[in-house]
Structure formats: C-alpha cells, structure tokens
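Trainee: Below: one structure in structure tokens.
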Amino acid sequence: MIYLDHAAATPVSEKVLKAMTPFMTENFFNPSSPYLPAVRVRAAYEEAKNQIANFIGAKGNDIVITSGATEANALAFTAISCSEANLLERGANLRKNNGSTPVKSPQILVLETEHASVLENAKNYDYDTIKVDHTGLIDLTDLKQKITAETELISVSLANNELGTIQPLAEIAQIIREERLRRLKKGITTPLLLHSDASQGLALMEINVSRLGVDLLTLNAAKVSGPKGIGALFVAHGVRLKPYINGGGQERGLRAGTENVAGAVGFAKALSLIKGHQSAARKKYMRLVENLKSELKNAKVEPIFLGSSKHQLANFCPVSFPGLDAERLIFMLEEKEVYLSTGAACSASKGEPSHVLKAIGLNDAEIKGSLRISLGTLNNEENIRKAGKIIRRAVDREFERTSHA
Amino acid sequence: MPKTVYLGMSGGVDSSVSAILLKEQGFKVVGVYMKNWSKDLPGMKCPWAEDLADAKRVAVKLGLDFEVFDFEKAYKEKVVDYMLKEFKAGRTPNPDIMCNEEIKFKLFFDECLKHGADFIATGHYAKSENGKLKLAKDDNKDQTYFLYRITKAAVEKTIFPLADLRKPEVKELAKKHGLANAYKKESMGVCFVGDVGMKDFLREYINIKPGEIRELETDQVLGYHDGAVFYTIGQRHGLYVGGGLPYYVAKKDLDKNIVYVSKNLNAKDLWTKTIKLENLFFRDKNDLPKDGKIAVRLRHRAPLIPATLEGNTLSFDEEIKTIAPGQSIVFYVGDICIGGGIVI
C-alpha cells in the first residue's frame, strides 16, 4: 500500500497507542469519581490538556476538549453574542430595510474555501464569504471591505484542506485589531472575534496563538497521527461561549460528558512526538513533493499543480490533469494499492464538484481532473518514487483511452 | 466491429457481473449509472453517491467507458409522483414496475440508442429471446414480474446477461473477478429513499391523520391507526390491536379514515374468485390465447397459478386471497411473460 491521503486521516502511531491503552484498561476510572485512582486519572487528563495547549502556546484551561474538529468549529460559533433566533431576526429586518437588495451587514465572515463544518455553521447566521485568489490565498482587500460594524466573527482556516494554502493569519488578526480599535473609538461594543480551523498544518507548523492573534483555534488529533474522535478548541481569555452539550458540567460546563481521557492522552502524545520536528518534516516533504512533481511532469497530460507555491503546506501536492476523470484515476490507482482522493473526502462523497477548486477559478475540465495528494508519516523516498511512476502510468493509460474514442 | 452495449450499472453485484459477462462475449460495453430522483431526509440518506462510486469502480476495473445519465426530473414525475398519487387514493402502487416501464426501458433505452448503442442491457433476472420476454433460469430470482410493462421494441434490443444464471453462480463469478461489491449486502427498501421505510417517506408528503381500526364483522372499534394510507389490504401485521389470532386488513374507508380488520381468514372481503384489472398491457396481442387461459403471478416470487382472462376480468378456479388495489398481476403463457394489468 502507498498512502497519499494524510489530509483525510493518519494512522495512530505505536507510541500514541501505547500511551492511550492504560486509560481504556487498568486506568478506566471516571475522572470525576472521588477515590484516588480516579483522581490520578483526572490528573493525567489535565496534564494531557496542558500538553495539548502548550503545543500552541496556551494553558490547559484555555482549551475545551471536543469530539473532533467539526465539533470544535460548531462550539466556536457559539461565541456569537446574540441567540441564533435573534440574529436571524436582525437579518430579516435588514433585508426589509434595504428593500430587494441583499443584506449589507453580515455578522459572520468566512473564507469561501472553508471546510463544510465551518460553512454550514455560518449558514445559520447572516454571513458573507471572503474571496480567495487563484492560489487559494485570502483576498485581504475583500476582507477589509466586507468587515462592517455588525461583523462579530471571522473564520479563516490556518491552511486549506484541499490545497494546503496557508493563510496569513497574523495579518488578518492585525486588520481585526484595527477594526476593534475603530469600534472602541466610536463606542461600539459589538465584539469581533477571529476563529481559525487549524486541523491541517498542525503537524508541520510552529503554532502560537498569541503570535497568530486568534481568539478561537480548532485542533484535530486525527490529522497528526492521533486517534479519531478527539479535538480541541482554544478559547482566548475574555471570549465567552455558550454551553454546547448540557449535562454534568465537564469542560467548564460548555461541553458535558465523561471526559475522553484516552483520546486526550493520545492527542497529547501525538503532539509531543511532533514538537521540535516540524522544520525537519517540512524539509522532508518538500523534497518528496519535488520528486513526485518531476515524475508527474513526464505524463502525457501536462499537470497543473494547484495552490500557492510560496504559501503551501509542505506535504500537499494537489494536481489537475485537465480533461481526465480523476475519479477513474482513483479507482485505477486503488487497484495498484495507491490511495489518494479527489477533493475533501466529504465533498467527494456528495458527488458535487469541490467549492474550493471552483473558488480558485478552475474550469470544469480542470476540476474534474483534480487529485488531492497529501503526504505524511507513511511516505518515504522509495514509495513516493514508486507512486509517481504508478500515477503517471495511470494518467497515460486514461489519456490513451480517451483519445482513442 | 464489435457491437456496442449500454449496460445500466447500479453498483450492485448483478449489474457488475453482467458487465463481466458482456465483456467476455466480446461486446464493447459502456457502463451507465442512472441518477434517479432521491431525497435526503434528516437522519436518512439516500446512498446514491456510494452506489455511483461502486458502479464506476467496477467499470474502471473492467476498462469500460462510463457515463452518468441524469433522470432525476423524469423519475420524480413518472415514478414518485405516480406513487404518491396512488397512495393518497388509498391504493398500493408498485414503483419498481413504473420505473422499468417509464425510465429504464423507455428513457434510458432511447437515450442509449441516441448515443449509438446497438443493444442495452440490465442486471435483471429475465430472458429476452426472439422478441419475447421470458422467465429467467433462476425461478427464485426471476424479475419478469417487475418487467411486464416494457415494450416489444425494448425487449428486442435488450440483453439480460443473467438469464441463464442462478444467483449463487452470479455471486461466485463476482468473487472470482475480485469485485468488492460481491460482499456488499443487497439493498433493501425503497430505492430512492435508501434504507428508509416507505412509511417515513410517505409521512413527508402525505397529510397523515390518525383514525379508528374497526372490526369488519362487528363494526366495533378495536384500536387506532396512524394513517390509513399505510395499510394494505390483506396485510397481517402492525395493527396495534394485539392478542389472540392475527388480524388482517380487510377494507379501508378513506373518506371516514377507518381501517377495517378481520380475524376471520374466511371473511368474504379477504377472498375472491375474480379480480377486475385496468391498464392492461400486452407486448404482443397475439400472445394471448383465444380462450384466455393463462398463468398469472400475483406478486414478485409468487408461484404461477392458472387463471382465465375475459375482457378485463381475471377469474380463478379456486378462491385466492384478495390483492390490494394498485398492485399488478402479471400474465404468462408457458415461459413467456406476455403482459399484465393493475388491480382496480
């Protein structure tokens, strides 16, 4: 097997599994129970939270453990000050006031290439999308123009999940600080928050929430050789969330339910294995992606490498073979046990063309011919060389099949 | 030049094995997935995207060209709307029969010919021979009941690659060729609502009112139903009345929203010697014997029983359990499926 879809899922490493196992077996206790073994489990859980938070330059109390990135994103949206009903009503009033023109004052701004778990939450409110350029990079002018006195939350992922394009979060945060200052001067109390989904890129970047200037940051264990079903939301001081799952008051009353101790311990362990090695990993993947690209350039269909060459996660190699049917390529490669995907796994299974590839201005033939290749721990020089040859041969075969017809 | 066959591929084992057989027979095979209408309801998801991927995977594996025909609009109008109309009228329609008549062997057939097909093919268990639709070898899987309304023109240009195979042989072939879906469980439930029960689907479209369940003989109220349209004449379960011998749905009064049931298997409303049909269909009028003596199938997989057709009245030698209005009765002479009609 040659696995080239690390942006979708990653294998839990041996060390992570070993760290987790005791918390499912001998240390199974409920961390809320009063006796000593349970208290020790509580301590291990808090320590895991500390480690996860430290990885992004925060403290254990600053994060809320969730069931994954999707839940963390949903939780982030509870930071919006008004109730949903209230907001919808405000939206309706605005619509009325402006006659037939669309709402001018969205409360939420999201990048148009965001993951469905952000976009679908935004749809519950008055929202607008921020444009990207042809590499998937945020259009900062568009952002500045769309921020209004009503904007409360701006959500921009750290790196796009289909293109790997890294967004300039620090610059975005600066724009937001300027807007906050304007509001303060005018006596406007509407808060303005920056949320970022950092599911992609966690393994390859040195992330520091203060440096990035984010108020809310989504983390996901499943993309960094941690277990599935665990994620976290960083919440900056002063940001108030609404209780999301009601019950026994766990996670500061925001997200009740017995803590996923093994998951949190596994997440923390996975991050500890990454820490300090990001730069080496970047170098390794950059070299592998270069090798892969030069092999793919020999194909009978000229590839278009997508995304930004300057601001791209080192392990991403999204590529289009215009005129070919990428889905056919995936099934051909699957027979050779080479696994990769078209767009994000979620949008591919809906049979709809990727909104991300549309947003960067690809035409239909380019979208249809697009593969998402994302490298990771399972890749090395040898299997990437092999994969390159196998993909090139599949492309050539498809090219010949279609040009005969 | 090899002849071109357009094969309807659903992602299931039957159409996948059909693709293998056609390819082995030397045809140029084009796989086609028909995208019919589907509806996602909260908590239920139509599996069409997975089915499409399964179909395409098999086509690619066999090196076939593959296309998707979009029949959503036609399917909604011809099949779904028809079905809802029938249910609203208190009848029990068969959407699969309508789908074959209107979509697969009309729209799909025409579209394939336009694309340059010499033949079409499907993974049905049935046989096409000299322009006649005939029983499949596997009498347990035979699907001619669902195909009785397809035209002669379609039969003449249709290949049923599974005509002479039994289901276990088909599964064996699938495994031999390493088709992953040989292990996939067969789809159950309404094709356009996934694994959802018909009841949940109808609830979305039909205004359902609870009402009384009364005993046929005594007019006594035995209990309450959650919507008369959900009950099929002859049905024996789900009456919420409980205890003792089972009850059968004997009659429905849609105006008063009452479902009548009976414990008496001999209740006269449950048995009949004659059935009146409408929308009679014959592929070839000459197939019907002068004396009207034919064999009929009352439902899919039911045994063939003798009957006589005079005009639109079907009479039986012995009493049969009554068939719900809207259901189809299919006619056979020997191994030929000659047509059928819909119970009034």
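Trainee: State, as an integer percentage, the relative contact order of chain A based on alpha-carbon contacts under 8 Å between residues 6 or more apart.
Mentor: Reported as a whole number, the value is 23 percent.
Trainee: I've got another one for you. Quick one: Kirkwood hydrodynamic radius for chain B, alpha-carbon pairs, angstrom, one decimal? Present the calculation step by step, with values, prior to reporting the outcome.
Mentor: Values: mean 1/r = 0.0462 Å⁻¹.
Taking every pair of different Cα atoms in chain B, averaging 1/r and inverting gives 21.6 Å.
Trainee: Using unit Cβ charges (K, R positive; D, E negative) and no other charged atoms, how large, in debye to the nearest 20, is the dipole of segment A:14-274 about its Cα centre? Let's see the in-between values first.
Mentor: Details: 28 positive and 27 negative charges, 126 e Å.
Here segment A:14-274 has a charge dipole of around 600 debye.
Trainee: Further question: Output needed: percent of Cα pairs per 5 Å distance bin for segment B:4-192, bins running from 0 to the one holding the longest distance.
Mentor: 1, 8, 16, 20, 22, 17, 10, 4, 1, 0
Trainee: What is the dipole size for segment B:207-262, taken about its Cα centre, with +1 at each Lys and Arg Cβ and -1 at each Asp and Glu Cβ, in debye to the nearest 20?
Mentor: Values: 6 positive and 7 negative charges, 32 e Å.
The dipole of segment B:207-262 has a size of about 160 debye.
Trainee: If you don't mind, there's one more thing I want to ask. If the convex hull of the alpha-carbon atoms of segment A:260-364 is projected onto planes in all directions, what is the mean projected area in square nanometres?
Mentor: 9.4 nm²
Trainee: Could you give me D for segment B:268-343, from Stokes-Einstein at 20 °C and 1.002 mPa s, where the hydrodynamic radius is the Kirkwood radius over C-alpha pairs? Units µm² s⁻¹, please.
Mentor: It diffuses with D of about 173 µm²/s by this estimate.
Trainee: Relative contact order (percent) for segment B:200-344, with alpha-carbon contacts under 8 angstrom and 6 or more residues of separation? Walk me through the numbers before you get to the answer.
Mentor: Details: 282 pairs, mean separation 28.9, N = 145.
Relative contact order of segment B:200-344: 20 percent.
Trainee: Where does segment B:49-88 land on Rg/Rh, using Cα atoms and the Kirkwood Rh?
Mentor: 1.23
Trainee: Going by how many other beta carbons lie within 10 Å of each one, how would you line up B:His177, A:His6, A:His195, A:His134, fewest first?
Mentor: In increasing order of surrounding Cβ atoms, one gets A:His134, B:His177, A:His6, A:His195.
Trainee: If each residue's Cβ is checked for other Cβ atoms within 10 Å, how do B:Asp14, B:Asp118 rank with the fewest at the top?
Mentor: Lowest to highest Cβ neighbour count: B:Asp118, B:Asp14.
Trainee: Report the far tail of the P(r) of the protein assembly as shown, meaning the percent of Cα-Cα pairs longer than 49 Å.
Mentor: Result for the distance tail: 34 percent.
Trainee: Less than 18 Å apart at the alpha-carbon level, and either on another chain or at least 8 residues along: which aspartates and glutamates does that give for A:Lys310?
Mentor: Hits, sequence-local ones excluded: A:Asp133, A:Asp139, A:Glu162, A:Glu171, A:Glu206, A:Glu290.
Trainee: If you count, for every residue in B:50-59, the Cβ atoms of partner chains within 10 Å of its Cβ, what is the mean?
Mentor: Per residue, the average neighbour count from other chains is 3.
Trainee: Kindly put B:Leu107, B:Leu245, B:Leu135, A:Leu219 in sequence by how many other C-beta atoms sit within 10 Å of each C-beta, fewest to most.
Mentor: Taking fewest neighbouring Cβ atoms as first place, the list is B:Leu245, B:Leu107, B:Leu135, A:Leu219.
Trainee: So which of B:Lys3/B:Lys290; B:Lys167/B:Lys285; A:Lys358/B:Lys56 end up more than 28 Å apart, counting from Cα to Cα? Each step should come with its number before you reach the end.
Mentor: Details: B:Lys3/B:Lys290 39 Å; B:Lys167/B:Lys285 32 Å; A:Lys358/B:Lys56 24 Å.
Violating the 28 Å Cα-Cα cut-off are B:Lys3/B:Lys290; B:Lys167/B:Lys285.
Trainee: By a straight-distance test (C-alpha under 13 Å), which aspartates and glutamates pair with B:Lys199 as possible cross-link partners, with residues fewer than eight away in the same chain excluded?
Mentor: Excluding near neighbours in sequence, the set is B:Asp226.
Trainee: Follow-up question, since we're still on this one. What average count of beta carbons from other chains do you get within 10 Å of the Cβ of residues in A:44-51?
Mentor: Partner Cβ neighbours, averaged per residue: 0.
Trainee: Below 8 Å, C-alpha to C-alpha, sequence gap of six or more: please give me the relative contact order for segment B:268-343 in percent.
Mentor: 41 percent
Trainee: State which entries of B:Lys78/B:Lys134; B:Lys104/B:Lys127; B:Lys85/B:Lys209; B:Lys61/B:Lys176; B:Lys39/B:Lys252 exceed 19 angstrom in Cα-Cα distance in the structure shown.
Mentor: As for pairs spanning more than 19 Å Cα to Cα, those are B:Lys78/B:Lys134; B:Lys39/B:Lys252.
Trainee: Here is a further query. With +1 on each Lys and Arg Cβ and -1 on each Asp and Glu Cβ, how big is the dipole of the protein assembly as shown about its Cα centre, in debye rounded to the nearest 20?
Mentor: So the magnitude is around 920 debye.
Trainee: So which DSSP H runs in chain A come out at 27 Å plus along the axis (Cα) with average Kyte-Doolittle of at least -0.5? Please report the intermediate quantities before stating the final value.
Mentor: On the way: long enough: A:36-55 (28 Å, -0.24); A:381-404 (35 Å, -1.35).
Passing helices, by number: A:36-55.
Trainee: Further, regarding this structure: Could you order peptides B:213-226, A:44-57, A:23-36 by the average number of other Cβ atoms within 10 Å of their residues, highest first?
Mentor: Answer by packing, highest mean first, reads A:44-57, B:213-226, A:23-36.
Trainee: Please give every one of the lysines within straight-line cross-link reach of A:Lys49, meaning a C-alpha to C-alpha distance under 20 Å, and leave out same-chain neighbours fewer than 8 residues apart.
Mentor: A:Lys15, A:Lys18, A:Lys59, A:Lys223, A:Lys228, A:Lys269, A:Lys275
Here, each number is a calculation from the coordinates, and none is a lab measurement. Model, not experiment: these values are computed from the prediction. Note: ideal-geometry Cβ built from the backbone for every residue, glycine included; neighbour counts use all protein chains shown.
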